[in-house]
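Written below as structure tokens is the structure these notes are about.
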Amino acid sequence: MITVESVSKNFNGKPAVDNISFQAHDKEILVLLGTSGCGKTTTLKMINRLIEADSGNILIDGKNIRDQKIEELRMGIGFVMQHSGLFPHYSIKQNIAVVPELLKWDKKKTESRTEELLHKLHLSEDVLSRFPSELSGGQQQRVGIARALIANSPILLMDEPFGALDNITKADIHSEFKSLEELKNKTIILVTHDVQEAFELGHRICLMDKGKIVQTGTPKEMLYHPENDFVKDFFAENRLLLEYKVATLRDINDFNSERLFDEFNFTENTNIWNALQKLSSDHKNTAHYENLIRAFNEYRKLQIA
């Protein structure tokens, strides 16, 4: 879907992005992860030509983005900015309708699509008459996502979309984000410096440092098959928690109980962290909790070996 080939960008003679290449596959969430100044936001903005690359090529569905008019390119790409990026003097209704107006949608179509997205993003219709400053951070972020989704473009670029939210609000939105059917048919590139966010939301992670890509892989590959010490050290602080979150009940051969799966709505894709959280809520499940910990530790030894 999106191919970045040997792309570089310099600012004042200093490389911000240094000869990077990667692919974002159809219907996957690719996370650009790294500390501030590593080049991830610059990379994202080059994909919709908010910043022009100095060299290299970026292709969408095999077509070079330089061969397209900027306006047409951006019409096919949803973009969610940091801090929601809403226009402060526009009502929420006007903010969401920005792209439909550019596309010359009729009023009824815009209102119908807006209503649909409000429902999916758990926003009430009374927010439409309000202004961004009157909404909570979580509500503003949901509106920003609605604005990016309204035209139903196949590509979504997200620049630190949840960075300004508190941890509780962020956890709620992460849960909604992962379950939103609207997003499962899109190719998404998400920029973040939050390691846990990258592991919770990304199908693959592209770890960047000093304008270069250090390693690209699934969350499990980043943890269990790091290409060098930088990758290993980058995830060291949160490593055990991350392992709990990337391992699922499918990985644990010795933990099979139909009763537990039915009682707690577990599936094979339930990660170990969520399963332990549910089992810890009732002392009667202590034995199951301990069995799962034991089984996970055996799995972990095999992965690290």
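Can you pull out the GluC sites (Glu not before Pro) in the stretch 131-240 that DSSP calls coil and that have at most 13 other Cβ atoms within 10 Å? Kindly include the intermediate steps, with their values, before the conclusion.
Values: sites: 134, 176, 181, 182, 197, 200, 221, 227, 237; in loops: 227, 237.
Here the sparse-neighbourhood loop sites are 237.
Shape call for the stretch 247-304 from the C-alpha gyration tensor, a ≥ b ≥ c root eigenvalues: rounded (a/c under 1.5), prolate (a/b greater than b/c) or oblate?
prolate
May I ask you to compute the full-extension gain from residue 220 to residue 185, defined as 0.36 nm times their residue separation minus their alpha-carbon distance, rounded to one decimal in nm?
10.3 nm
Residue 129 to residue 90: extension gain in nm, 0.36 nm per residue of separation minus the Cα-Cα distance? Write down the numbers at each step before the final one.
Numbers: separation 39, 0.36 × 39 = 14.04 nm, distance 0.95 nm.
Answer, rounded to one decimal: 13.1 nm.
Among all the aspartates and glutamates, which ones have a C-alpha under 18 Å from residue 232's C-alpha, if same-chain residues fewer than 8 places away are not counted?
194, 197, 209, 221, 243
Using the structure shown, select from 27/301; 45/120; 178/284; 93/170 the pairs with a Cα to Cα distance greater than 29 angstrom.
On the way: 27/301 32 Å; 45/120 27 Å; 178/284 31 Å; 93/170 24 Å.
From 27/301; 45/120; 178/284; 93/170, over 29 Å: 27/301; 178/284.
Restricting to the chain, what percent of DSSP beta bridges are antiparallel, rounded to 5?
Roughly 55 percent of the DSSP beta bridges within the chain come out antiparallel.
Alpha carbon centre of the stretch 115-176 versus the stretch 267-302: separation in Å?
Using only Cα atoms to place each centre, the spacing works out to 33 Å.
Taking every alpha carbon pair in the chain, what does the distance histogram look like in 20 angstrom bins from 0, in percent?
30, 54, 16, 0
Quickly work out the residue 175-to-residue 282 label distance, labels modelled 7 Å from Cα along the C-beta direction, and quote it in nm with one decimal.
Placing both labels 7 Å beyond Cα along the Cβ direction yields 1.8 nm.
Given the options 66, 239, 294, which has the most mean-square fluctuation in a GNM of the chain, springs set between C-alpha atoms less than 10 angstrom apart?
Of the options given, 294 has the highest mean-square fluctuation.
Which residues does a label at residue 210 reach in the stretch 36-57, if reach means a backbone N under 20 Å from a point 7 Å past the Cα toward the Cβ?
Within reach of a label on residue 210: 36-43.
How long are the semi-axes of the equivalent ellipsoid of the stretch 207-305, defined as square roots of 5 times the Cα gyration tensor eigenvalues? Whole Å, largest first.
On the way: eigenvalues 188, 30, 27 Å².
They are 31, 12, 12 Å, listed from largest to smallest.
Could you tell me which of rounded, prolate or oblate describes the stretch 72-172, using a ≥ b ≥ c as the square roots of the eigenvalues of the alpha-carbon gyration tensor, with rounded for a/c under 1.5 and, failing that, prolate when a/b is larger than b/c and oblate otherwise?
Oblate is the answer for the stretch 72-172, as a/c is 1.5 or above yet b/c matches or exceeds a/b.
All of the numbers you see were taken from the coordinates with simple rules; none came from a lab. Source: prediction; values computed, not measured. Cβ: placed from backbone, ideal geometry, glycine included. Neighbour counts: every protein chain shown.
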